[in-house]
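Notes to accompany the following structure.
The values are calculated or read from the model by the stated rules, or taken from the named source; none is laboratory data. Predicted model only: the values in this text are computed from it and were never measured. Please note: Cβ atoms are built from the backbone with ideal geometry, for glycine as well, and neighbour counts cover all protein chains shown.
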Amino acid sequence: MKSVAIIPLREGSKGIPGKNKVKILGRPLYQWCLGEAIFSDLDEIYVFTDDKEIINQVRNEYSWAPKVKAIERSEESASDTASTEQAMLEFSDHLKNDYDIICLLQATSPLTTREDINKGLRKITSEKNDSALSVVNTKRFIWNRNGESVNYDYANRPRRQDFDGLLIENGAVYVSSKDAFLKSKNRLSGKIGLIEMPEDSLTEIDETSDLLMIEKLLLNRLHQHKRNPKKIKAVVLDVDGVFTDGKVQVSPEGELAKTFSMRDGMGLAILRNSGVDIMVMTSENSPIVAQRMEKLGIKNLYMGVMDKYTRLNQILLDKNISRNEIAYIGDDINDMANLNAVSWGICPNDAIPEVKQSCDLSLTNNGGNMAIREAVEFIINYNKRFK
C-alpha cells in the first residue's frame, strides 16, 4: 500500500513570525519532524507550503532522500481562515489521489519519532482501522467549569499507579485510508485507532515560551546516546572553525584561501591508523576544502549539508554505526543537534558560547590551531579503556 505524508507549512504564521524556520538546537523547526519521517516506513513525504524559501531548502538539501519532495500550496489553502483539511484535499488533488494511505504530520510537534509514524501506518494496514490519531495518556485530574470532576471521583482520589488517566489528542500524527479521507473530507473518520505517544509530546509550539520548553525536551531525548558510552568508532568534523580559524579570504570570484594546520592533519592520520573512521561534514561547497581533504586522504567528505543531523543519521545507518560510538567536533549553532546526540560532543576553545555550554569537552586550543590534534589525543586515550 502506498503511503504518503503531508507536512503543511504556512509562511504567514501570526503567533510566532516565521515559526517553521525558527531554529531549535540549530535546526529549523520543520526539519525535526521531516527528518524522522525520512526514516519511517512512509513511501513519499511532501512539504506542502507557500514559503518559497522552504521549498528551495527542501529541494536542495534532501536530494539524497528521494522520498522527500516539496510542492507549493495555494494562497487560499495557506490563508488564516483555511482549515488543515482544505490543505489536505488540495494536496490529494495535486497527487491525483494516487495513494492508499495519507498521513498528516505537524511541524509544531518536533518530538514526533519514526516509531510514532510507523505505529500510525500499522493502525491502517494491520489493525484495519479507517483512520488514527496520536494521543498522550495524562494522569492529570480534569475538572469542568461547573466545578465537576471529569475523569475521577474526588471523594475517592485514586493513587497515581492505580489511575488509568485520560487520553488527550496531541496534534502530532493523523493517518487515514484514502477511501475514508475522500469520503468524509476529514482527517478522522470511520473506525479510529489510537497512537499512544510519550507524555512529553503533549507540548506543541504555539507561543514563544513553548520553544524553550521544547528545546529542553529535545535535549533530554538527544542525551540518551550519552548514557551508554562505547568505544569511539568514528569522528565527525566540521570544517570552518574546526580545521580552520573560521576566516576565509575572498574575492569577487569566490574563496581565495583558507588556512589549515599541518599538525592537525598529522593527528587525523594517527587517529585513522588507530582504527577510527574520519568523516568531514560542512555546510559549504568549497573546492579548497575538497582539495585539502583529498590531500589528507579523507574519503568520507560531505559538503553542502545544511541539515547535518538528518544527514548524519543516514550515514550512520549506511555504515551500521550508532551515535554512542561517535565523537563530533563542531563550533557553531548548526552543529548543536549532533554535538548533543553523540557519545562525545567536542568543540574548540573559541566555539560560540551556546556550543561551549552544551559540549561534553571544550578543548583548550582554538580551531585551526591544534584543536583537532588535542581532540585526537583525547579520543585515542578514551578508547584505551575499552580494550
Would it be correct to say that Asp318 is in contact with a Lys or Arg (Cβ under 8 Å, 6 or more places away or on another chain), among the acidic types (Asp, Glu), outside the structural domain of Arg27 (by TED's automatic domain parsing) and assigned to a helix (DSSP H, G or I)?
no
Report, by residue number, each residue of region 121-134 that is part of a loop (DSSP other than H, G, I, E, B) and in contact (Cβ under 8 Å) with a residue 12 or more places away in the chain.
Glu127, Lys128, Asn129, Asp130
Asp179 meets each of (1) over 23 Å from Asp130 (Cα atoms); (2) in a helix (DSSP H, G or I) with one exception, condition (1)
Filter result for Lys233 (closer than 26 Å to Ile379 by Cβ, in contact with a Phe, Trp or Tyr (Cβ under 9 Å, 6 or more places away or on another chain) and of a type outside the set (Val, Ile, Thr))
no
Within region 179-212, how many residues are more than 30 Å from Pro28 (Cβ to Cβ) and either without any contact (Cβ under 8 Å) to a residue 12 or more places away in the chain or not hydrophobic (A, V, I, L, M, F, W, C) (or both)?
8
Given the conditions (1) surrounded by 15 or more Cβ atoms within 10 Å (Cβ to Cβ); (2) more than 29 Å from the chain's Cα centre (by Cα), every one holds for Val239 apart from (2)
Within region 304-358, of all residues that are of a type in the set (Phe, Trp, Tyr) and either without any contact (Cβ under 8 Å) to a residue 24 or more places away in the chain or under 22 Å from Ser286 (Cα atoms) (or both), the one surrounded by the fewest Cβ atoms within 10 Å (Cβ to Cβ) is Tyr309
Which of the residues belonging to region 258-278 are touching a Phe, Trp or Tyr at 6+ places or on another chain (Cβ under 7 Å) and among the hydrophobic types (A, V, I, L, M, F, W, C)?
Phe260
